[in-house]
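Enquirer: One structure, pasted below without further comment.
Here, each number is a calculation from the coordinates, and none is a lab measurement. All values derive from a computational prediction rather than experimental measurement. Note that we place each Cβ from the backbone using ideal geometry, even for glycine, and neighbour counts take in every protein chain shown.
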Amino acid sequence: MSNPTGSLRLKTWVVTAVVVLSNVLGNSCLSWGMKQRGRALGGAPLEYVAAVFTPWVALGIALLILWLLARMTLLSWADLSFVVPVTAVGYALAAAAGHFLLGEQVSPQRWAGALLIAAGAALVGTTSVRTTAGGDR
Amino acid sequence: MKWLCVAIIVAATTASDALLTRRMKQHGEIRDFRLGALGRALAAVARSWHVMAAMALLAVSFFAFLSLLAIADMSFAVPATAATFVVETLVARCLLRERVSARRWLGTALVTGGVVLIAL
């Protein structure tokens, strides 16, 4: 690449988008799947195993595995203290997903919180992706 | 019960992320994004106690999160467990030796403020 810094930024944003979207969609699927069961989980391990094999929960888990792998990839070059706040923009999206996809009530106060999170994530997004020497270079 | 789940999730997630970050930094920057190469890189990384312990902690966190979702709305569960942001930034600064600039702290503080607002 002719511009290593620009290239690092670009791949950081692409992988970050995958991390955020797979997490929000995965959690939405899990929430929807658990609500379909209509009752709280007891202490029995078999109840957890049974919950995992319902379609929405299984899809949620598949998306969360994608989330995990994309996040590991991102952490191979990016700071943890960069990744954690920047991917927090997913929490703002989660409030929106809870409202628009799952029909949950989201108060004005929660919307304000979601806006603050988005602003904080955007601010951290302007800092250096990597501040440690790290690994092979 | 809700807050016990939250505490377990925060502690397990932070420990898991610290271990994952340390292992991924040992591996170094991933540059080849073809599926085969990416799969080989991640498979090589996975063969270490760091990653296995991180996965075990993540599983603890995940099942605590499933339990939480069964007794609370997602718009409570997701923001409440976001206390991990502060704890993880401190761990990144103190254990992983990352340089957390004033701007990064401010951004993290805004995120935390947003989370408190949501969780109240």
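Enquirer: Only residues that are within 8 Å of chain B (Cβ to nearest Cβ), surrounded by fewer than 24 Cβ atoms within 10 Å (Cβ to Cβ) and part of a helix (DSSP H, G or I): list them for the stretch A:98-117, please.
Expert: Scanning the stretch A:98-117 gives A:His99, A:Gln109, A:Arg110, A:Ala112, A:Leu115, A:Leu116.
Enquirer: On to the next question. So which of B:Ala41, B:Ala37, B:Ala56 ends up being touching a Ser or Thr at 6+ places or on another chain (Cβ under 9 Å), of a type in the set (Gly, Ala, Ser) and more than 22 Å from A:Ile61 (Cβ to Cβ)?
Expert: Result of the check over B:Ala41, B:Ala37, B:Ala56: B:Ala41.
Enquirer: Could you say whether any residue in the stretch B:89-106 is among the hydrophobic types (A, V, I, L, M, F, W, C) and closer than 18 Å to A:Ala94 by Cβ?
Expert: Checking the stretch B:89-106: not a single residue is among the hydrophobic types (A, V, I, L, M, F, W, C) and closer than 18 Å to A:Ala94 by Cβ.
Enquirer: Let me ask something else about it. If I filter the stretch B:23-38 down to residues being at the interface with chain A (Cβ under 9 Å from one of its Cβ atoms) and not in a loop (DSSP other than H, G, I, E, B), which single residue comes out as surrounded by the most Cβ atoms within 10 Å (Cβ to Cβ)?
Expert: Among those that are at the interface with chain A (Cβ under 9 Å from one of its Cβ atoms) and not in a loop (DSSP other than H, G, I, E, B), it is B:Met24.
Enquirer: Answer yes if at least one residue in the stretch A:64-82 is among the polar types (S, T, N, Q), surrounded by 23 or more Cβ atoms within 10 Å (Cβ to Cβ), part of a helix (DSSP H, G or I) and more than 7 Å from chain B (Cβ to nearest Cβ), and no otherwise.
Expert: Scanning the stretch A:64-82 turns up no residue that is among the polar types (S, T, N, Q), surrounded by 23 or more Cβ atoms within 10 Å (Cβ to Cβ), part of a helix (DSSP H, G or I) and more than 7 Å from chain B (Cβ to nearest Cβ).
Enquirer: Now a separate question. Between residues in the stretch B:69-87 that are more than 7 Å from every other protein chain (Cβ to nearest Cβ) and residues that are surrounded by 19 or more Cβ atoms within 10 Å (Cβ to Cβ) and of a type in the set (Ser, Thr, Tyr), which pairs lie under 6 Å by C-beta distance while being six or more apart or on different chains?
Expert: That search, which allows pairs on different chains as well, returns B:Thr84/B:Thr13; B:Thr84/B:Thr14; B:Val86/B:Thr112; B:Val87/B:Thr14.
Enquirer: Return yes when B:Gly114 is under 22 Å from A:Ala96 (Cβ atoms) and either facing chain A (nearest Cβ under 7 Å) or in contact with a helix residue (DSSP H, G or I) (Cβ under 9 Å, 6 or more places away or on another chain) (or both) and no when it is not.
Expert: Numbers: under 22 Å from A:Ala96 (Cβ atoms): yes; either facing chain A (nearest Cβ under 7 Å) or in contact with a helix residue (DSSP H, G or I) (Cβ under 9 Å, 6 or more places away or on another chain) (or both): yes.
For B:Gly114, the condition - under 22 Å from A:Ala96 (Cβ atoms) and either facing chain A (nearest Cβ under 7 Å) or in contact with a helix residue (DSSP H, G or I) (Cβ under 9 Å, 6 or more places away or on another chain) (or both) - is met.
Enquirer: With a cut-off of at least 3 residues that are more than 13 Å from B:Val6 (Cβ to Cβ) and within 14 Å of the chain's Cα centre (by Cα), name the helices (runs of 4 or more DSSP H) lying wholly within the stretch B:46-120.
Expert: B:49-71, B:84-94
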